[in-house]
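All of the numbers you see were taken from the coordinates with simple rules; none came from a lab. Quantities reported herein were computed from a predicted structural model and do not represent experimental measurements. Glycine gets a Cβ as well: all are built from the backbone with ideal geometry, and neighbour counts include every protein chain shown.
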Amino acid sequence: MDDGALHGSMAAVTAAEPAGPQRAAPRILLLTTERWPMAALLAHALMDAGFAVWALCPKDHPMRVLDELAGAPVYDHLRRHAQLRRVVTRLAPDLVIPCDDLAVAVLHEHHALCHGGARGVACGALIERSLGDPDQYGLLRRKSAFIRLAAEHGVRTPATVVIESAADLSRRLVDATFPLVVKADGWSGGRGTRIVRSADEALAAHASLSRPISWISAIKDSLREGASLPLVQRARAVCPTVTLQAFAAGAPVNRAVVCHGGAVIAGRTFEAVQTMPNNGNATVVRPRHIPQIDAAVERCVALLGLSGLAGFDFMYNEATGAAYLLEVNPRATSACYTALQGEPDLADALFAAATGSAAFNEPIGNWPDTALIALFPQETERDPQSPYLQNAHQQAPLDRPDLVRACLAQAIRQTTYARIVAAVRATRSAAVALARC
């Protein structure tokens, strides 16, 4: 793929730098509204690749331990647009990278507000250079609509229908074959997905997902996940679109890509070997080369006119060779800095594209099943005694113990609530079982 377009678009900005013995490093602005360590690990990878990195992030984000971070204003959701205008004007970043779903929505909102004036033009151009075609921003926020578009253009997807009401769902379930998947737009990490095995389960899932969550549930989710997205979604009080989807058997596979103007520049594909409970995120992965997934992603990137970093989720059936596209995340994911020891990651690919240096060659090897990567801190969070932490390649930045400690501390804070709830439930179950004896 041609990486000259991205190099040219960034060179237009870096050319304004004062002349010196060495061209200034390309500037990246990370935008994250959550405290999840992924953005800190991405910042570390980007700086290792050669970028100068700024961040707009919460005040206690783990990335703040990185002394090499060029600057990190504190993110304030109520003042987000004024902050973005000020930071972009002062910094003139080459790219802005959103690190969570709310950050993507903030950039889409901000682009819609960029009308006239030097600041508006600069911010609008930056967002388009970083995210791609603005005409597709609305589609990217409606994942059900994206799946329909992909299917119409020949990408294999599970059969999916929008559910208009509980009565509509009941009619569709009369002759249904289970299991099925009930999904709601606007969530990530499996939070808006329910695998159902009966009509009653499907109706209950629809009742739960089709209405705004309660404030109490939003507060609980925010505490458990260490994220503001549940509170923002509750404040908007929008009833999400709910779909009924055929169940695709297989292993979860993610392909992360660097792209520009609707063309894929580089990518890495990883199969999930271990995941969090309840359709959660991957915690242990292995690299794969699956040509049909490469082709499907290239088609989707072109359809959406994407730029920047993105991740595509699939379900891959090794026995049949069928790969079903599930959704797109138009933002950074942990796969962007994941690689086996000695192999390049997508931070390296982005730097190569931004500077016009040596082209990134995606490793395409016949990796053994034992070529595993324990994602950090996900696998430690899932099971601190996991054998993968001893046997698999460690993604943790062991050369930065301060960053490791900060990421682990945040992961512990984010899961404290969930662990308390689990302990209470276990105690109740034990009490009920004892009473029955």
Of 63, 47, how do they rank once you tally other Cβ atoms within 10 Å and put the fewest first? 47, 63
Could you check which residue among 370, 333, 275 shows the biggest mean-square fluctuation in a GNM of the chain with a 10 Å Cα cutoff? 370
Taking only Cα atoms and a 10 Å spring cutoff, compute GNM fluctuations for the chain and point out the largest among 287, 179, 387. 387
Label the chain by shape, choosing from rounded, prolate and oblate, from the square roots a ≥ b ≥ c of the eigenvalues of the Cα gyration tensor; if a/c is under 1.5 it is rounded, and otherwise prolate applies when a/b is larger than b/c, oblate when it is not. rounded
